[in-house]
Amino acid sequence: MMISILYGTETGNAEMLAEDIQAELEGDHDVTCENLSDVDPAALDPNRLYLLVCSTYGDGELPASAQPFAEAMDAAKPDLSAIHFAIFGLGDSEYDETFNHGPKRLAELMLAHGATQIGERVAHDASGSDMAEDLAFPWAEEIVGQAEDRLGAAA
Amino acid sequence: MTGKIAIVGAGPSGCYLAQALLKAAPELEVDIVDALPVPYGLVRYGVAADHQGTKGVTRQFARVFERQGARFFGNLKLGRDVDLDALRAAYDVVVLATGMSVDRPLGIPGDDLRGVYGAGRLTRALYEHPDAEALPDLGAHPLIVGNGNVAIDLLRLLAKAPDEFAGSDLGPGPSGWLAKSGIETITITGRSAAARAKFDPVMVKELGKLTGVRFDVVDAGDSDDPAGAKKIEALAGLSGTGARTVTFRFGLTPAEVIGQDGEVRAMRFATATGEETLPCTSVLTAIGFDPSPDLPRDVLLAGATDAEAGALAPGLYATGWFRRGPRGTIPENRADAQALAARILDDIDPDLEKPGRAVLDGRAELVDYDGWCRIDAAETEALPDGRCRAKITTRAEMVRIAK
């Protein structure tokens, strides 16, 4: 399967996790890893599965590197109805009121433009005891399994 | 691309710079020198003990050493163990990333009284920095001057109940000191109106979770500006019925610390309409940081080839707070370091004759990355109740464990 991992990061933690997921999946799949700041939402490819990895920053905002992507989405209003994505969030429950609001907003943005979400949005808590990859690797395997059924032969 | 690069300071700016350099050019020899035997600088000794999520960036920094090949030279102080000129002679590139750590003084009458303490001095002691001075008695009514995030951190630590430090790495000494502080009221004062206060709203919202505190926000005013309105809204959301009172005051410009018998009794402020004196038992300043006198920062920046880009002189650069001044969060320093990495890679002209790390290797008291791993293991293997780390607090013990 062709998979693109797209990350939105502020401190680099989401970038590191995205690279870890890439390393985990690339034995069995064709996997790329890109910063959301370098991605044009209108150029997303229906033949790929998009795994979004995104943090939250400040008062529940998108991280800096996801903001140009969100702005381009608002401006160009691309039709994403053929696009499949899943999303993994990074957050810190010290700030419980806005916990994982960044990935939530990013998922809403994708859905608002017609994209199809695969699986549930999973959230890692930096103040918890789990390592992000211990949640993210099983999540990614599960998502890829579901996507293989959904995207079928196209991928 | 080859080349030998020494980064002075193993805090977030130095580590992010090494990360960016080695990502773009994995063949570089990148050495990170630090005066302390342990890495991560401000993340270990400046980020609050109860903000462990923020400290998660150290997992990235560990990889800079473990996978990207950077080397750590801890317990090596620039100016004492090696001087800047010798470092520049040995390396193609030297980068100063030593941050800022000296509490900026109030600069008003009475600021030298016993009972006036800088936030840096207090937080270094709370976070068990090996060079920290002892934690002083603040009395029942400390007053904080400043309302940036450092001031809010200090306020939160002083206001928290002992059980609210669960999961932190606050040490037994500081935990005991806080538990017995006898603090009844804390007043926090800012020079500007609430709408222009320097804190991030999320930091104030976090205060709302404290169980032992009631809040009194005086004259927060209102604002048409969305950013200002968010700050006021965060303040308006503070409630609570605890025994300790935290009072937010705005529009107060420090004029004089008033003492009696050499001890703080009150603080006098200039206001828009005249002046006001607030009684207090100690004055805690959180109004910014100045550079350490160890390096001639002003001279270096004044003579810089391109200060904005962090280029001080041929082969000499600066990043992070050392370059920009004591403002900006960890992500801003990451962006700064990434920009500087690109600049260095453009500029670098490797001289194969330069000895690089050979001039540092072999010193008896050096702590390398493996040494730090032994310290880290010692700090996390036998944990006290409710703590995620038990810091080693003296250099001698750090060096002993590292061996």
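Nothing in this text is a laboratory measurement; each read-out follows from the coordinates by a stated rule. Model, not experiment: these values are computed from the prediction. Neighbour counts run over all protein chains shown; Cβ positions are idealised from the backbone, glycine included.
Karplus-based coupling profile of the stretch B:21-35, in residue order and whole Hz: 4, 6, 5, 7, 9, x, 7, 4, 9, 10, 10, 10, 9, 9, 5, with θ = phi - 60° in 6.51 cos²θ - 1.76 cosθ + 1.60 and x standing for Gly or Pro. Here the contact order of the stretch A:71-117, divided by its residue count and restricted to Cα pairs under 8 Å and six or more residues apart, works out to 52 percent. Report, for chain A, the % of DSSP beta bridges that are antiparallel, rounded to 5. Percent antiparallel among DSSP bridges in chain A is about 5. Less than 5 angstrom separates the built amide H of B:VAL283 from those of B:VAL116, B:TYR117, B:LEU143, all sequence-distant by 5 or more or on a different chain. For the stretch A:67-127, the C-alpha radius of gyration sits at 1.21 times the compact-globule guess of 2.2 N^0.38 Å, with N the residue count.
For the residues of A:7-14, the average number of beta carbons from a partner chain within 10 Å of their own beta carbon is 5. Most simply put, chain B has about 35% antiparallel DSSP beta bridges, counting only bridges with both residues inside it. Cross-linked pairs B:LYS55/B:LYS231; A:LYS77/B:LYS205; B:LYS23/B:LYS205; A:LYS104/B:LYS209; B:LYS198/B:LYS391: Cα-Cα separations exceed 29 Å for A:LYS77/B:LYS205; B:LYS23/B:LYS205; B:LYS198/B:LYS391. Across all directions, the average projected area of the convex hull around the alpha carbons of the protein assembly as shown is 27.5 nm². Computed from label points 7 Å out along Cα-Cβ, the spacing between B:GLU353 and B:LYS209 is 5.9 nm. In plain terms, the chain from B:ASP81 to B:ARG400 could stretch by 113.0 nm, reckoned as 0.36 nm per residue minus the Cα-Cα distance.
Taking every DSSP helix (H) stretch of at least 4 residues in the protein assembly as shown, weighting each as -39,500 (n - 2.57) and dividing the sum by the residue count yields a mean residue ellipticity at 222 nm of -9500 deg cm²/dmol. For the pair B:ASP131 and A:ARG150, a Förster radius of 60 Å applied to the C-beta separation gives a FRET efficiency near 0.55, rounded to the nearest 0.05.
The ratio of the alpha-carbon radius of gyration of the stretch B:68-165 to the globular-protein estimate 2.2 N^0.38 Å is 1.47. Extending 7 Å from Cα along the Cβ direction at A:ALA75 and again at B:GLU365 yields two label points whose distance is 5.6 nm.
The gain in end-to-end length when the B:THR393 to B:ARG196 segment is fully stretched comes to 67.1 nm, 0.36 nm per residue minus the alpha carbon separation. The Rg/Rh ratio of the stretch A:2-154, with both radii computed over alpha carbons and Rh defined as the Kirkwood radius, is 0.94. Listing A:TRP139, B:TRP372, B:TRP177 from fewest to most neighbouring C-beta atoms within 10 Å gives B:TRP177, A:TRP139, B:TRP372.
Beta-bridge orientation, the stretch A:1-83: approximately 10 percent antiparallel, per DSSP, counting only bridges with both partners inside.
Remark: the stretch B:253-353 projects, on average over all directions, an area of 10.8 nm² (convex hull of Cα atoms). Across the stretch A:64-71, computed HN-Hα scalar couplings (Karplus, 6.51 cos²θ - 1.76 cosθ + 1.60, θ = phi - 60°) run 3, 6, 8, 5, x, 4, 5, 5 Hz from first to last residue, x flagging Gly and Pro.
Projection of the Cα convex hull of the stretch B:19-136, averaged over all directions and equal to a quarter of that hull's surface, yields 9.5 nm². Using the Cα coordinates of the stretch B:187-259, the gyration tensor eigenvalues translate into equivalent-ellipsoid semi-axes of 19, 19, 9 Å, sorted from longest to shortest. For the stretch B:251-290, the fraction of C-alpha pairs farther apart than 12 angstrom is 60 percent. Reported value for chain B: 147 Å³ per residue, from the convex hull of its C-alpha atoms. With q set to 0.24, 0.26 Å⁻¹, the log10 of I(q)/I(0) for the stretch B:41-86, from the Debye formula over equal scatterers at the Cα positions, is -0.91, -0.93. Each label point was placed 7 Å from the Cα along the Cα-to-Cβ direction; for A:GLU97 and A:ALA112 their separation is 2.2 nm. Largest mean-square fluctuation among B:PRO201, B:PRO296, B:PRO142, in a Gaussian network model of chain B whose springs join Cα atoms under 10 Å apart, belongs to B:PRO296. Computed over the stretch B:104-288, the P(r) tail beyond 25 angstrom holds 31 percent of alpha carbon pairs. Its relative contact order, with pairs defined as Cα atoms under 8 Å and 6+ residues apart, puts chain B at 24 percent.
Here the peptides A:4-13, A:126-135, B:5-14, A:79-88 are ranked by packing, the mean other Cβ count within 10 Å, and the order with the highest first is B:5-14, A:4-13, A:79-88, A:126-135. In chain B, the longest principal axis of the Cα atoms and the axis of helix B:149-159 are about 60 degrees apart.
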